[in-house]
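In what follows, a structure is listed as structure tokens, so that the remarks can point back to it.
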Amino acid sequence: MVAKIVKGKSFKGVVNYVLDKAKQTQLLASKGVRLKSRESIIRSFVAQSGLNPKVSKTVGHISLDFSAQDKDKLTNEKMVQIAKEYMTKMGITNTQYIIGRHFDREHPHIHIVFNRVDNNGKTISDKNDRYRSEKICKELTEKHNLYFAQDKENVKAHRLKEPDKTKYEIYNVLKTSISKCKNWNELKKELQKQGITTAFKCKGNTDEVQGVMFQKNGYTFNGSKIDRQFSYSKIDFQLKQNDKAQDIHFHQEHNHSQNQPSVLESVGVAFGGLFDIQPSRTDYDPDEAEFQRQHKSKKKKKERRPHL
């Protein structure tokens, strides 16, 4: 479950979008608005927004998107239930709203339009709304046993516009490249192959690195803005872990190769050491063999000679 939050000034535009017949819209729930027609809904919103002229952006529009894997379990009733829980947790209460479901995409999604001027003329707060929304979406996804999408797998890259399109391209390259590199130089070279340049932000006039930025197609993004896992500290930690893992693997392979018995030695051990296997020789010299035999005999006699 993912929420996209937009604030605006025109109820006419958002209501017409949400109730567009081309999207096979179903109006699932509403409160505080006249449902006689699309125009009556718009007039209801506009009339209440006049209670607080100080609010410049009176329109609240939230799209709740779910994974296609939850399609069978998300009935209209279930989606309304989740939407109302979401609104309550977000502090969107005591105000007008409509909830419409679209069927123009493969994944289930609904649209909430609400008045940021509540029934008493007070403003529905938008303070830290995106941060709060992300936390609430995770809570509701877990509560209702919905599918947790991995990374950004639900994003349809071909539908993105700039700069989000470039941002998502960098995300994919980072996801693949970081796991293959063990230091920043290697990572920078790997990213350069994909047309991505890397820059670092240092503390004051020092060499202490505080952040990292990536640039492509004329757009620059802080690593943490691309994804939280791509902050400088988290990437740096992962690169060091990769380096350690590679060193450990190298030493294990090195020790294994040194201690690994030859095929002939293994055969000897398998038979309990009952016989010693020597390398075969095709250049056997009988004179040399006799010399080696006599040399061994003299050595044994010398070892048996008593010390004076």
Could I have the simple spin-label model distance between Lys135 and Asn183, label points 7 Å from Cα toward Cβ, reported in nm to one decimal?
-> 4.1 nm
When the chain is fully extended, how far beyond the present Cα-Cα distance does Lys23 get from Thr75, taking 0.36 nm per residue of separation?
-> 17.0 nm
Per the charge dipole of segment 2-143 (beta-carbon charges, Lys/Arg positive, Asp/Glu negative, Cα centre), the residue among Val18, Gln96, Gln69 reaching farthest to the positive end is Gln96
Note, segment 36-52: 3J(HN,Hα) by Karplus (6.51, -1.76, 1.60, θ = phi - 60°), whole Hz, Gly/Pro = x, goes 4, 7, 4, 5, 5, 5, 4, 4, 4, 4, 4, 4, 6, 4, x, 5, 9
At R0 = 22 Å the Cβ-Cβ FRET efficiency linking Lys234 and Met213, nearest 0.05, sits at 0.90
Projected label distance in nm at Ala199 and Asn145, using a 7 Å step from Cα toward the beta-carbon | 5.1 nm
State, as an integer percentage, the relative contact order of segment 2-143 based on alpha-carbon contacts under 8 Å between residues 6 or more apart.
-> 33 percent
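Relative contact order of segment 111-218, please, whole-number percent, based on alpha carbon pairs below 8 angstrom and at least 6 residues apart.
13 percent
Could you rank the peptides 160-166, 44-50 by their average count of other C-beta atoms within 10 Å per residue, with the highest value first?
Peptide ranking by packing, descending: 44-50, 160-166.
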If each of Arg105 and Asn222 carries a label point 7 Å out from its Cα toward its Cβ, how far apart are those two points in nm?
-> 2.7 nm
Would you mind classifying segment 2-143 by shape? Square roots of the alpha carbon gyration tensor eigenvalues, ordered a ≥ b ≥ c; an a/c under 1.5 is rounded, otherwise it is prolate if a/b is larger than b/c and oblate if not.
-> oblate
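None of the figures in this text is laboratory data; all of them are computed from the coordinates on show. On a predicted model such as this, the values are computed, not experimentally measured, just so you know. Virtual Cβ from ideal backbone geometry, glycine too; neighbours counted across all protein chains shown.
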